[in-house]
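In what follows, a single structure is set out as structure tokens and then discussed.
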Amino acid sequence: MPSIESFKTKRGVVRFTDDAVLVEESVSEYARSLYQGYWQNERWGRKTIFVGYVFGLLFAVGWLASAIHSGDVLLLAGVLGLLVVLLVVNYVRGFRSPDRISLDDIEDVSATRGAKGLTRSRLVVTYTDAGSTYKCRVNLPSLYTDDGDAAFERAVDAFDERGFDIE
């Protein structure tokens, strides 16, 4: 019987049932994760990262409001077009965001620890659905947070306990 029933992600939590993996992520859980991981930390450098997130969000909202108010349609269309292209490329590469993946449908699980300041730790779960193969990217907490390394190890161990060889 596996001992790990869940692990934290960047935007929520992944839970295991007897026959499935449940990915429970939301914007509110992402905000809570940022607050707990950075602002509630004792180190001032981590608090600075949180302040950077807040100012970045405020800047983006202010820029968007300014562009809409000034009628800069070409710039807005360019930014929106870039976002759509990125989403389409991800979709074409087979990435989906399912809420539930049956354990029997999982073909492979790969893990990348990530590099502090460059990339985020993540798992890529390859699974089949209706005869087609898809991938689900699960971003894990930042390595800058206190539980970043532990969350990565816990996620890898959770899939190892269920018989998946992590690459």
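The values are calculated or read from the model by the stated rules, or taken from the named source; none is laboratory data. Keep in mind it's a predicted model, so treat the numbers as computed, not measured. In this analysis, Cβ positions are derived from the backbone assuming ideal geometry, glycine residues included, and neighbour counts consider all displayed protein chains. To get the accessible areas, we keep the full protein, side chains included, count just its heavy atoms, and leave off ligands, DNA and RNA. Shrake-Rupley method; radii C 1.70, N 1.55, O 1.52, S 1.80 Å.
General observations
- Our estimate of slack between residue 27 and residue 144, defined as 0.36 nm per intervening residue step minus the Cα-Cα distance, is 40.1 nm.
- For residue 72, residues with placed amide H under 5 Å, excluding near neighbours: none
- Partners for residue 10 among lysines (Cα-Cα distance below 16 Å; same-chain residues under 8 apart left out): 116
- Candidates 104, 157, 146, ranked by Gaussian network fluctuation over the chain, Cα under 10 Å, top entry: 104
- Distance between region 12-41 and region 96-117 - C-alpha centres, whole angstrom: 15
- Extension gain, residue 18 back to residue 48 (0.36 nm per residue minus Cα-Cα distance, nm): 6.7 nm
- 3J(HN,Hα) couplings calculated from phi for region 148-160 with the Karplus curve 6.51 cos²θ - 1.76 cosθ + 1.60 (θ = phi - 60°) are, in sequence order, x, 5, 5, 5, 4, 4, 5, 5, 4, 5, 4, 6, 4 Hz; Gly and Pro show x.
- At full extension, residue 80 and residue 162 could sit 25.4 nm farther apart than now, given 0.36 nm per residue minus the alpha carbon distance.
- Accessible surface, region 36-167, averaged per residue in Å² (probe 1.4 Å): 64
- Region 6-161: C-alpha gyration tensor shape, a/c 1.5 cut-off, then a/b vs b/c: oblate
- Candidate residues 53, 30: accessible-area rank, largest first, probe 1.4 Å: 53, 30
- Between residue 99 and residue 154, the FRET efficiency estimated from the beta carbon spacing at R0 = 30 angstrom works out to 0.90.
- Centre-to-centre, using Cα atoms only, region 120-167 and region 72-93 are separated by 27 Å.
- Springs between Cα atoms under 10 Å define the GNM used for the chain, and in it the highest mean-square fluctuation of 37, 148, 81 occurs at 81.
- In the chain, the portion of solvent-accessible area held by carbon and sulfur atoms comes to 59 percent [1.4 Å probe, whole percent, DNA, RNA and ligands not counted].
- Packing-based ranking, highest mean first, of 58-64, 38-44 given that Cβ atoms within 10 Å are counted: 38-44, 58-64
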